Every structure is written in C-alpha cells, then in structure tokens.
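Contents: one structure, followed by commentary.
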Amino acid sequence: MALDVALTHEFTPKQHAFASFLIDGVEKRKAAELAGYAKESADLEANRLLRHPAILAAVQIGIAKRLAIGAPMALSVIQDFALDTSMHPKIRLDAAKTLLDRAGHIAPKAVAQGQNAAKPLNEMSMAELRELADKLEGEISGRAKEVSSAKAAPAQPQTIDDIM
C-alpha cells in the first residue's frame, strides 16, 4: 500500500517491509522482526525506524488509504443495523445516532434548568459585551486574595472602559 511513497523515498527492502507490516496492523517490534531485523534488536530498530520522517509518512498514507477503503463497508454495517427491525432497539438507536453524527447533525446541548442559552460573543451588542465583562470582572475580583508587598505596584486598569 505504501509502495508509491516508499519508492519515492528510496526505502531499503527492510524499511519498506516494516512500513507495510505496520500498515497491516502488526505491532512495531513484530513488524521489525518480520521485516528481517534481528530479534534481539527489533525493538530498538522499530523505534529508530519510527523516527524516520519518510517511513512515518508512508505509514500515515497507507493507513489513510485503508481507512478510506474501509469507510463504505463500515457505513453499510451501521446502516444495516439501523434498518434491521430484528435488532434490539438500543442498537438501532445507537446506529441511527452514529449516522446522524457522521453526517454532521449533532444534537444541541441541553441548557441547565433556569439558565438561558449563552449567546455567542459575535452576536452580542456592545452593551451586552460590557455587561458580560463587568460580570466576569466581578467574579474574578471576588476570588482575588490581597497580597501586601513592600513596594506598591503601579495601578492597573480595573475595567474594560479603563483600557479603552
């Protein structure tokens, strides 16, 4: 799978085999052994090979290809579960939710009882922004602890209006 990338980076046959085994899901030490590296140094070689940028790129591209090829099959399984009326309702519901999530239809977050939904900052008026800033400054100042020092620190602005 990573042959196209491997050829452009002139991998050794062992490096190419190592990358191919990793893409196939073989554990790194075992992949190094199967690629022909000595059993005693397989773990060391695997770690060294995994620091090689071209090998990492080949593995990432190979895995991405496998995922892209497997995605339609996974989608089909989820759709089958959602449509199969003999399945437990919980499984069907989970499959339906997964389909919606993957399609970008994410359920809105619930608002805590007694609170209004937070308005995005970009939709607030200047007055609402100042009110929010004052509220947050009040919360912060309520948490502040007085620290005394020998030298007085220069006065810091206290509100947004002082800064502007």
Pairs LYS97/LYS119; LYS119/LYS145; LYS28/LYS97; LYS65/LYS97: which exceed 28 Å Cα-Cα?
LYS119/LYS145; LYS28/LYS97
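Highest first, please rank the peptides 56-63, 129-136 by the mean number of other Cβ atoms sitting within 10 Å of their residues. List each step's numbers first, then the result.
Details: 56-63: 18.6, 129-136: 12.5.
The peptides rank, most packed first, as 56-63, 129-136.
Can you tell me which of 14-25, 87-98 comes out highest on packing, and rank the rest after it, using the mean Cβ neighbours within 10 Å? Present the calculation step by step, with values, prior to reporting the outcome.
Details: 14-25: 20.1, 87-98: 13.5.
Listed from highest to lowest mean packing, they are 14-25, 87-98.
Throughout, read-outs are computed from the coordinates displayed, never taken from laboratory work. Keep in mind that this is a model prediction, so the values were computed, not measured. Using ideal geometry, Cβ is built from the backbone for each residue, glycine included, and neighbour counts are taken over all protein chains shown.
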